[in-house]
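What follows is a short report on a single structure.
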Amino acid sequence: MTLYMRWMTWFHRRVGWFAARFPEAGPADVVLMAYVALTGLIILFMGWRLDSPGLWAMLVIAHAAILVITWLVTRLSRPDPGLLGFARDLYPLLYIVFLYWELRYLALFFSVGYNDALILAAEELLFREQLAMTLSQRFPQMWISEALHFFYAFYWVIVPLAGGAMYLRGKVEGFRELVFSLVAVFFTCYLFFIFFPVQGPHYEFPPIGEPWSNGFFYQMVHAVLEDGGSKGAAFPSSHVAVACTILPVAWRHDRPVFWAFLIPVVGLTISTVYGRFHYGVDALAGVLLVVVLFPLIMKLYTRLTWYTAGEPVRAD
């Protein structure tokens, strides 16, 4: 038996064991619990490196609470499509803000510093310049700056808008697939941040100055980032990866949503570099992550759906 076959047999048995105990769990529930359990163990055994024992205890308790809440949810019968059904399918994404916030601490558990020097070198190698500095200098028009900062801010609503549109249009399975794909992409990016922290140009380079800094969307974005950013969470760009994930799911299930969000996703991708929030390499890595990962995500989604539905799965 090959190593791959052995791994797949082990994987199927573990997922089957989980599904038998959580009959109402969906694929997104499984991935959420796996990530929260893994990072919870990391915090439990590495949290002594934090400056505050209280923070260490708070993070461990928070992870335990998330696991308990998720376990309770998976014990409930899944409601029919509707407001309750929408909330039931969406809830794994509600933890994303907290799990992103805590990365500022987890990002330094396995590293004594940040890896920006490597990314800066890769930027020079690929683009022969630092795109985070030069892109805004090449296109200094105020309307371009404001438009791209608007697209960057659009990230904060793009998931509920795209997912809500699919759900309201009756694409319930597409919505569930979207939630699972987003959770998988978020957590993949988060694991990158934990083991390979990169600050990003927002901390390395000076911000775009006047008169562009007087723009409404510029000021709104920077005001949010003052309190909402996580140091070390730059490579790959989760903003780009998450936004790009919407497109293949929408293409599979809801073409009007795909076309409606194509331009915002492209604009958002460019804005991460233009506004000096990510290096060009970060944005490129975010796109490539989705290109490489999405077929694997769909395969995993199918297998987990079969398991949680109680159907047999081949071990091929």
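The values are calculated or read from the model by the stated rules, or taken from the named source; none is laboratory data. Computed from a prediction, not measured in an experiment: that's the story for all the values here. Please note: Cβ atoms are built from the backbone with ideal geometry, for glycine as well, and neighbour counts cover all protein chains shown. Remember, those area values only see protein heavy atoms, side chains included, never the ligands or the DNA or RNA. Shrake-Rupley method; radii C 1.70, N 1.55, O 1.52, S 1.80 Å.
Descriptive notes on the structure:
- All conditions but one from (1) open to solvent by 40 Å² or more (accessible area, probe 1.4 Å); (2) closer than 30 Å to F258 by Cβ; (3) under 20 Å from the mean Cα position of the chain (by Cα) apply to G164; the one that does not is (1).
- In region 287-302, the residues that are within 12 Å of A184 (Cα to Cα) reach residues that are open to solvent by less than 50 Å² (accessible area, probe 1.4 Å) and β-branched (V, I, T) with C-beta atoms within less than 6 angstrom, at least six apart or across chains, in these pairs: V290/T245.
- Among the residues of region 122-161, those that are assigned to a helix (DSSP H, G or I), open to solvent by 80 Å² or more (accessible area, probe 1.4 Å), over 20 Å from A285 (Cα atoms) and hydrophobic (A, V, I, L, M, F, W, C) comprise W143, F150, W156, L161.
- Near pairs, Cβ below 7 angstrom, 6+ apart or cross-chain, from region 198-221 (of a type in the set (S, T, Y)) to any residue that is crowded, with 19+ Cβ neighbours inside 10 Å: Y218/S145; Y218/H149
- Residues satisfying the stated conditions in region 234-288, i.e. among the small types (G, A, S), under 20 Å from E129 (Cβ atoms) and part of a helix (DSSP H, G or I): S271, G280, A283, A285, G286
- Scanning region 1-56 for residues that are closer than 24 Å to R75 by Cα, β-branched (V, I, T), at pLDDT 65 or above and out of contact with any Ser or Thr (no Cβ under 8 Å at 6 or more places or on another chain) returns V31, T39.
- Of the criteria (1) in contact with a Leu (Cβ under 9 Å, 6 or more places away or on another chain); (2) free of Cβ contacts under 8 Å to residues at least 40 places away in the same chain; (3) among the polar types (S, T, N, Q), which one T134 fails: (1)
- Extreme residue, farthest from A34 (Cα to Cα), among residues of region 74-104 that are open to solvent by 30 Å² or more (accessible area, probe 1.4 Å) and among the aliphatic types (A, V, I, L, M): L83
- Selection count where residues are touching a residue at least 40 places away in the same chain (Cβ under 8 Å) and open to solvent by 10 Å² or more (accessible area, probe 1.4 Å), scope region 257-266: 3
- Counted residues, region 43-69 - those being under 22 Å from V30 (Cα atoms) and in contact with a Leu (Cβ under 6 Å, 6 or more places away or on another chain): 2
- All positions within region 270-289 that are open to solvent by 30 Å² or more (accessible area, probe 1.4 Å) and out of contact with any Cys (no Cβ under 7 Å at 6 or more places or on another chain): I270, L284, L288
- Checked against the criteria, F216 counts as at pLDDT below 90 and either of a type in the set (S, T, N, Q) or out of contact with any strand residue (DSSP E or B) (no Cβ under 8 Å at 6 or more places or on another chain) (or both).
- Unmet requirement for I119, which otherwise passes all of (1) under 20 Å from Y203 (Cα atoms); (2) assigned to a helix (DSSP H, G or I); (3) open to solvent by 30 Å² or more (accessible area, probe 1.4 Å): (3)
- Residue in region 44-67 that is within 21 Å of A184 (Cβ to Cβ), open to solvent by 30 Å² or more (accessible area, probe 1.4 Å) and in contact (Cβ under 8 Å) with a residue 40 or more places away in the chain present: no
- Residue match in region 214-228 (condition: open to solvent by 50 Å² or more (accessible area, probe 1.4 Å), within 29 Å of F110 (Cα to Cα) and of a type in the set (A, V, I, L, M)): yes
- Scanning region 162-211 for residues that are outside any helix (DSSP H, G or I), of a type in the set (F, W, Y) and within 27 Å of G40 (Cβ to Cβ) yields one hit, F196.
- Test: K231 is assigned to a loop (DSSP other than H, G, I, E, B), of a type outside the set (G, A, S) and farther than 19 Å from M133 by Cβ: yes
Results for (1) modelled with pLDDT of 90 or more; (2) among the aliphatic types (A, V, I, L, M), shown as yes or no for each residue.
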| residue | (1), (2) |
| --- | --- |
| V224 | no, yes |
| F235 | yes, no |
| T245 | yes, no |
| V249 | yes, yes |
| D254 | yes, no |
| I270 | yes, yes |
| V273 | yes, yes |
| Y279 | yes, no |
